[in-house]
Each structure stands twice: as structure tokens, then as C-alpha cells.
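Each value in this text was obtained by applying a stated rule to the coordinates, not by laboratory testing. Please read these numbers as outputs of a predicted model, since none were measured by experiment. No Cβ is skipped: glycine too gets one built from the backbone with ideal geometry, and neighbour counts run over all protein chains shown.
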Amino acid sequence: MFQLHDSITSVLREELSAYDDLTAALLSRRGILTKEDAEKFLNPSYDTHLYDPFLMTDMSKAARRLADAILAEEKIAIWSDYDCDGIPGGVVLHNFLKKAGANFENYIPHRHDDGYGMNIEGIETLSRNGAKLIVTVDSGITDIDPVARAKGLGADVIVTDHHLPGPALPDAFAIVNPHARTNETYPFLELCGAGIAWKLVCATLAIEPGLREKVPVGWEKWLLDMVGLATIADMVPLIGENRVLATYGLLVMRKSPRIGLQKLCRGMRVEQRALTEDDVGFMIAPRVNAASRMGDARDALLLFTTTDENEADRFAKKLEKANRTRKAEAGAITRAVRSRLRERGEVRTVIALGDPQWRPALLGLVANTIAEEYERPVFLWGREGNLRLKGSARSGGATHLFELMRATEKTFVEFGGHAAACGFTVQDTEVFFLEDRLVEAYARMSMGSELLDELAMRADAVITPEEATDAFLAKVDQLAPFGIQNPKPVFLLREVIVREISYFGKGEEHLKLKINSIDGNGRIIDAIAFFAKGSLARIAKALTAGNCVNMLVHLERDTFSRGNPVRLRLLDMRLV
């Protein structure tokens with residue numbers, strides 16, 4: 001019988017008495033301590049668990065202005081970011097405005113040439129095209145000068161965003177962003193950009209009933225495929241309202257008539273009717289992001305907005321090709337980084353490397369790979385089209401990156417992010433000293449120790465191979481979709497025997513073990529690790545058949561084998 005890593009109190013067990021021991025324990029470890037919260041978490045409801053959009057500051061003002069622009073046939077411009085939040089959000093507004101018969105256009109800045117956010121040149125282009133109302137998606141909250149320029153040109157700006165504001169807010173007609181004000185009245189602050197754009201659609205339909213002549217009641221639910229895609233891809237917390245949007249978003253994605261989504265799934269050989277959050281995060285989102293990283297984000301927008309089957313097929317293939325190119329270029333940079341580190345010999349506590357030829361849009365992917373391999377912070381930089389030296393950093397799991405960058409004085413022009421991942425622009429004069437500055441700051445932080453965030457992975461429960469069954473996995477899957485603040489449950493298998501060791505993939509980069517209980521009498525089950533790196537790769541190389549190990553795993557279904565058996569996704573392992 002499985003053992004809970006942390007036992008729950010008798011009072012809490014009674015409160016969650018409607019659920020089995022495992023479900024009750026998993027709920028409690030996620031801060032769900034009442035039967036009402038448990039019911040809400042396990043059975044998210046579109047009708048009862050979504051909040052009134054008008055509770056959000058400036059929503060009434062924004063919805064009224066958007067409705068008036070539609071009715072008056074004013075030119076509306078949708079300014080969206082180029083990632084897998086801004087693009088789906090731009091699709092949400094595009095579909096709504098098209099359905100409502102509005103006069104509009106979509107605008108997406110170029111990742112490499114323009115960079116993130118609004119810019120004055122783009123605003124002037126939209127003004128020349130006749131835009132009288134500009135609605136941002138997933139951007140705009142820090143764009144003081146571009147918003148002022150739009151106002152000077154006679155265009156109102158509605159900012160819909162979810163990023164943190166700067167010292168001052170832009171002088172926009174309306175700002176719909178739960179993070180923008182300290183006195184925000186909306187009950188849930190963690191919506192993604194596309195989620196806020198969808199809330200604006202719902203509010204606009206509610207504030208102007210006349211729009212229902214063209215937009216039938218309930219039609220807006222079909223937009224949840226894009227909202228769910230963005231909510232999962234943008235890695236916002238999958239709790240509260242986001243859990244509702246992700247759950248219903250996946251339901252809509254599975255039966256969406258959107259021809260571009262259908263073509264993308266076919267090209268990836270993913271069954272649309274069985275889409276999961278893993279398919280979104282590891283298959284769909286990288287292809288959407290590849291459009292802007294390797295070319296033009298509009299390819300992804302057009303894929304999801306076209307109703308022409310041939311056009312959808314063409315854009316799906318373009319994204320597939322862009323993703324392959326992205327992998328190849330990222331692989332080339334990764335090999336170059338590894339080569340430089342081998343030439344150095346000694347690897348310092350922080351790795352910082354760059355090359356003006358490296359494409360900044362790819363460096364987060366490479367930095368993550370190197371950080372996992374070397375288990376330390378990695379900073380990589382390249383040169384953008386506007387000639388700025390820009391890069392990405394990943395923590396490697398043991399350091400709070402944002403605090404490390406804050407402790408590195410007079411080096412960065414700007415930076416932002418969080419504990420595990422950051423982006424930065426470095427001063428040209430400082431780039432050659434970047435690693436020295438970071439190593440010095442890391443040493444100061446280590447002496448203080450309070451800023452270091454040692455991440456100790458702990459299991460939700462201890463199980464045996466015999467307990468990894470369909471019924472057990474069904475209990476775990478009740479908590480899906482998984483993501484930030486609702487991680488996949490982690491299980492510890494103690495003292496299991498490795499029966500076989502093999503590698504698969506083109507470069508044999510993926511690890512596969514066959515394991516069973518130490519007595520050798522139980523069922524044999526597969527444990528796999530894709531792109532095994534860091535300590536896991538080192539331990540795997542030392543393994544021989546017959547070794548006894550402890551392992552941390554997720555449970556998942558093997559959709560590529562006959563019968564779709566349960567298998568283990570290997571996270572960490574130690575020889576016993």
C-alpha cells in the first residue's frame with residue numbers, strides 16, 4: 001500500500017472524507033483544505049467558477065469603447081505580442097471582431113527587429129492605416145511613449161495586459177490589467193494575456209446586447225481553445241480561474257473546428273481528440289513560438305485564423321519547418337557552448353557566454369539545456385536586429401536568478417523575469433566582464449545564503465511498481481491539467497531493481513529502464529527520461545543491470561505502446 005510522504009491530520013481527513021486517501025493527500029499538499037475548495041478544484045465549472053469580467057478595473061470603460069468602435073465601423077487595430085500568449089490572444093480578438101463585422105487589422109511586432117512591446121514606428125503605421133482604436137494583447141503596460149504617441153495621433157488605446165507595471169502607467173483610454181493597480185477589485189490576478197482579452201470579449205458582448213445579432217449566445221466559448229492554449233503555454237498558475245480556462249480550453253481544443261489547429265495536430269501526429277496539457281506545452285506551443293523565433297509571428301496568427309484548408313495546410317507546414325530549423329540552430333549553439341566550456345576546462349559557478357551571431361530568441365532554450373547539464377546558472381547573449389546585446393538566463397535549479405541579476409551592479413541595461421528564468425540586455429562595454437560580475441555576485445549571495453533557493457524535490461507519496469496501475473493513474477489524473485502551482489504529483493519508488501538499460505532516439509539521447517521490486521516477483525514496468533541530463537545522466541551511465549535504485553517519477557500513459565500501459569517518467573535517481 002502506498003505511503004503518503006506527509007500524513008494529514010485527522011481533522012483534515014474528515015473534511016475531505018468524500019475522497020480516497022491519495023486524492024485527499026494530493027489536494028492538501030496543494031493548499032486545498034475544505035470540501036468546498038476540493039469540489040471546485042476537481043470539478044471546475046464554466047457557469048459557476050468564472051468571475052464577472054466587470055469586476056476588473058476599467059473593464060466597463062474598455063468594453064463600451066470597443067463596442068462603440070464596432071458599431072461605428074471605426075478602424076480597430078489589435079496589437080498583440082509575438083509569443084504563445086499574445087498570438088492566441090490576438091486570434092481571440094480577431095475571431096470576435098470578424099464575427100461582429102468590425103473594421104479591424106492585426107499587428108504583431110517583429111521579435112528580432114522590434115523587440116517586445118509597443119513601438120512608435122508601429123503606432124505611426126497603424127495611424128496611417130486609419131486606426132482610431134488600438135487594443136493591446138499581452139503587452140502595453142510599460143509602453144509610456146508609444147501610448148502617448150497614439151493619443152497624439154488621435155487614437156485611443158485600450159491596454160489589456162498581465163505583466164507588472166513600471167513606475168507609472170501609460171496614459172491609455174483604459175487599462176485592463178489586474179496587476180496594474182494596488183486597489184484592483186478582480187478576485188483572481190493571474191490570468192494570462194489571452195485570458196484577459198477573452199474577458200474583454202465577454203464584457204463587450206454583455207455591455208452591447210445588439211452585438212448578439214451577429215454573435216450568438218454562447219459562441220464565445222469556442223474561443224476557449226485559444227485561451228486554453230495560452231493559459232497552458234504561458235505557464236501562469238493553473239489554479240483558480242486559470243484551472244477553469246485550461247480545463248474547458250482543452251475540451252474545446254479536442255473538438256475545435258479550427259482548421260489550422262487540426263492541420264497542426266495532424267502534422268505533429270497528435271490525436272486532436274485526446275489533446276493534453278503536455279501536448280500543448282511540448283508540441284503546439286514550441287511550434288507557435290518558432291514562428292517568431294525563426295521568421296514572422298503572423299504565420300502562426302494566420303494559421304489559427306484562416307478558414308481555407310489549403311492555406312491552413314501551408315501555414316502548418318511553415319510552422320513545422322520553422323520548428324525544425326529552430327531545433328537545428330539551437331542545437332548548433334548548444335554544441336558551440338559545450339565546445340567552449342570543454343576548451344576552458346574549469347567551469348565557474350556561473351556560466352556566461354555569448355556571440356553576436358547567436359539569435360537571442362533561441363538562447364533561452366539553449367541556456368536551459370546547459371543549466372540542466374552543469375547544474376548552475378547560465379547566461380547566454382547574442383545581438384538583436386536593432387544591434388542590442390540581448391540574452392536569456394536559466395537558473396539550473398539552485399539560484400534565484402532575479403536576485404542574482406539584481407546583485408550584479410552596473411552591468412545590465414534592463415532585465416526581468418523570475419527565480420528560474422530571466423531575460424536581459426547587457427551594456428556593450430560590460431559584456432566582456434559579464435561572467436566575472438555574475439560570479440562575484442553569486443559569491444556574495446552564497447555568503448549571505450538567504451538569497452539562495454535550494455530546491456529540494458519531495459515526493460507526494462511512496463509507491464511500489466505494483467501500485468502503478470490504471471486505477472492509480474486515474475486518481476492522479478483527477479487533478480489535471482497540471483502546471484504552475486498544480487504540479488504533476490511526484491512519487492518515490494524505493495529500492496527497485498534495474499532489469500534492463502537502453503537508449504533510444506536518433507542520437508540515443510533518451511533513457512529507458514525496465515524495473516521491478518527488489519524481490520523480483522512483481523511486475524516489470526518501464527521508466528523513461530527524455531534528454532536525460534545532469535545528475536540523472538551521470539547516474540544512468542554508471543548503472544548496470546541488477547543495480548538497486550531509489551527513483552522519483554511521474555506516472556503517465558504510454559500512448560505509443562499497444563494497450564497504452566502505465567509507465568514512469570523518470571525525474572531523479574540514486575544508487576542504493
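Figures for the structure shown
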| read-out | value |
| --- | --- |
| With Cα atoms, 0 to 90° folded angle of helix 193-207 axis to the chain main axis | 40 |
| DSSP-assigned coil residues among chymotrypsin sites (Phe, Trp or Tyr not before Pro) in the range 34-108, each with at most 13 further Cβ atoms within 10 Å | Tyr46 |
| Loop-resident sites, the range 1-96, for GluC sites (Glu not before Pro), counting at most 12 other Cβ within 10 Å (DSSP) | Glu73 |
| Long-range amide H partners of Arg111 with built H, under 5 Å | Ala297 |
| Cα principal axis extents for the chain, largest first, Å | 76, 60, 50 |
| The chain, relative contact order [Cα under 8 Å, separation at least 6], % | 11 |
| Which of Cys548, Cys265, Cys192 has the fewest Cβ neighbours within 10 Å, and the rest in rising order | Cys548, Cys265, Cys192 |
| For the range 136-143, Karplus couplings with θ = phi - 60° (6.51, -1.76, 1.60), whole Hz, Gly/Pro x | 8, 10, 6, 6, x, 5, 10, 8 |
| In degrees, nearest ten, helix 240-255 long axis to first principal axis of the chain (Cα) | 90 |
| Pairs beyond 23 Å (Cα-Cα), from Lys40/Lys488; Lys390/Lys410; Lys98/Lys221; Lys99/Lys199; Lys61/Lys199; Lys199/Lys488 | Lys199/Lys488 |
| Under Karplus coefficients 6.51, -1.76 and 1.60, residue-wise ³J(HN,Hα) of the range 219-236 in Hz, glycine/proline x | 4, 4, 5, 5, 6, 5, 4, 6, 5, x, 4, 5, 4, 6, 5, 7, 6, 7 |
| Interchain or long-range residues, amide H under 5 Å from Gly354's placed H | Trp381 |
| Order of Asp161, Asp85, Asp428 - criterion: other Cβ atoms within 10 Å of each residue's Cβ, fewest first | Asp428, Asp161, Asp85 |
| Cα gyration tensor, the range 253-379 - rounded (a/c under 1.5), prolate or oblate | prolate |
| Likely footprinting exposure, Leu575, Leu438, fewest C-beta neighbours within 10 Å first | Leu575, Leu438 |
| Residues with amide H under 5 Å from that of Phe531, placed H, sequence gap 5 or more | His510, Leu511 |
| Gyration tensor (alpha-carbon) shape descriptor, the range 173-266, a/c threshold 1.5 | oblate |
| Global form of the range 80-158, assessed from the alpha-carbon gyration tensor, a/c cut-off 1.5 | oblate |
| FRET efficiency estimate (nearest 0.05) - Cβ-Cβ, Phe560 to Glu500, R0 25 angstrom | 0.90 |
| Of the trypsin sites (Lys or Arg not before Pro) in the range 203-289, those whose Cβ has at most 10 other Cβ within 10 Å and which sit in DSSP loop | Arg269 |
| 3J(HN,Hα) from dihedral phi, the range 366-382, Karplus parametrisation 6.51/-1.76/1.60, rounded to Hz, x for glycine, proline | 5, 4, 5, 4, 5, 5, 5, 5, 9, 6, 7, x, 10, 10, 10, 10, x |
